[in-house]
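Chemist: The following block contains the structure, expressed as structure tokens.
The values are calculated or read from the model by the stated rules, or taken from the named source; none is laboratory data. As the structure is a prediction and not an experimental result, all values here were calculated from the model. Every residue, glycine as well, gets a Cβ built from its backbone with ideal geometry; the counts of neighbours run over all protein chains shown.
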Amino acid sequence: MKMSDTRQIAAPPAEVYAALLNPDVLKSCVPGATEVTGSPQDGFEASVTQKVGPVKATFKGQVTLSDMIENESLTITGEGKGGAAGFAKGGAEVRMAAVDGGTELSYDVEAKVGGKLAQLGSRIIDGFAKKMADQFFSNLQETLEGPSAPIEDETPPDGESKKGWLGRLTGKD
């Protein structure tokens, strides 16, 4: 499974880069993360609980950062084991470029799964991996910019009701 995307973040590249190196920010951005500890130099230990189709598992694993060019790019690589559910591993090449109003963040993600998870089929796995990547970078953007109403042509993220999205758009709960 491979995917790519680009996001505009209203923060300077140095701030975006620093956020990607912070375990507390990573914990708040990784969907289902219950624990993220460590450092960029030594790597991070992470626990993530997720439900993929009918399979729910807690993955414990290692996340490493490499190819780090300050305020420009880095590679995030992770591998986790979810017991009987199987394993997940993948990586993201993340690039940042200064643009008017902040940072253009682009990423290429590759994910692989094995065990029971692999038996679910590529369509479920691909959809789940895309949703996880989108949610991570949406959470990162919201962490850096603060919550805000989406732009008019933006569709609500997967799993979010239209009422919640419309409420944010109109400023009503």
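Chemist: Looking at the stretch 49-64, which of its residues are surrounded by fewer than 17 Cβ atoms within 10 Å (Cβ to Cβ) and either within 25 Å of Arg123 (Cβ to Cβ) or of a type in the set (Gly, Ala, Ser) (or both)?
Modeler: If the condition is that a residue be surrounded by fewer than 17 Cβ atoms within 10 Å (Cβ to Cβ) and either within 25 Å of Arg123 (Cβ to Cβ) or of a type in the set (Gly, Ala, Ser) (or both), then Thr49, Lys51, Gly53, Pro54, Lys56, Thr58 are the ones that fit.
Chemist: Taking the options Leu74, Leu169, Leu65, name whichever one is hydrophobic (A, V, I, L, M, F, W, C) and at pLDDT below 90.
Modeler: Leu169
Chemist: Could you pull out the residue among Ala92, Ala111 that is part of a strand (DSSP E or B), farther than 25 Å from Glu145 by Cβ and of a type in the set (Gly, Ala, Ser)?
Modeler: Ala111 is the lone residue from the list that is part of a strand (DSSP E or B), farther than 25 Å from Glu145 by Cβ and of a type in the set (Gly, Ala, Ser).
Chemist: Can you name the residue in the stretch 16-48 that is buried (at least 20 other Cβ atoms within 10 Å of the Cβ) and over 13 Å from the mean Cα position of the chain (by Cα) and, of all such residues, is nearest to Gly101 (Cα to Cα)?
Modeler: Here the residue is Val16.
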